[in-house]
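For reference, the structure discussed in these notes is given below.
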Amino acid sequence: MPQHNQLHAKSATSDLYLLFQIAADFYAIQAVQVDTVLSVQPLKQLPATPDWLCGLLYYQGQVVPVIDLYQRLLGRPAVHKASTRLVLVKVQHQHQHQQILGLLLEKVNRFVRLPTAAWTSANVQVADHHYLAEVQQHSSGLIQRIQLAALLPDDVRLLLQKTQAQPDE
């Protein structure tokens, strides 16, 4: 019984995260927001949208917009390597329904447990990158948390809502 209490106490002070790399930097997404991790899939291209909005995936009866996070951060597309994954995440927007987004990510490493209290401000707010949240030191290096709700600018989020709300013809 004490062992069960120790496990519960450990999970109360830490959370599970999906760890991945963009170039040499480490990033994390909270595991409770991860729906599915897939190998790279063919996407339907979206003309006249930002380069980092790389297409649509039809997955289990649902149309899922896919963001190339490499393109969003560094201005170049993700390279399709053995460690490149399509990560479907659950995003809760303010006062709106939950949305599933796909993230095209290179170097998807593993799930790790990170201490809740260790997150601290990055002390830098980069314009148009409000989704880059707090940081914490880890044995892998400095990790930055991705705030999924801030990943899409308002104009793109509204465009996707309109697209998803249109009935099939």
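Rule-based calculations on the coordinates, nothing more; no lab input. Just so you know, these numbers come straight off a predicted model, no measurement behind them. Note that we place each Cβ from the backbone using ideal geometry, even for glycine, and neighbour counts take in every protein chain shown.
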Taking 21-34, 40-53 and ranking on average Cβ neighbours within 10 Å, highest first, one gets 21-34, 40-53
Ordered by fewest other Cβ atoms within 10 Å, a rough proxy for footprinting exposure, Leu73, Leu105 read Leu73, Leu105
Order by neighbour count: His97, His138, His130, fewest other Cβ atoms within 10 Å first, most last. His97, His130, His138
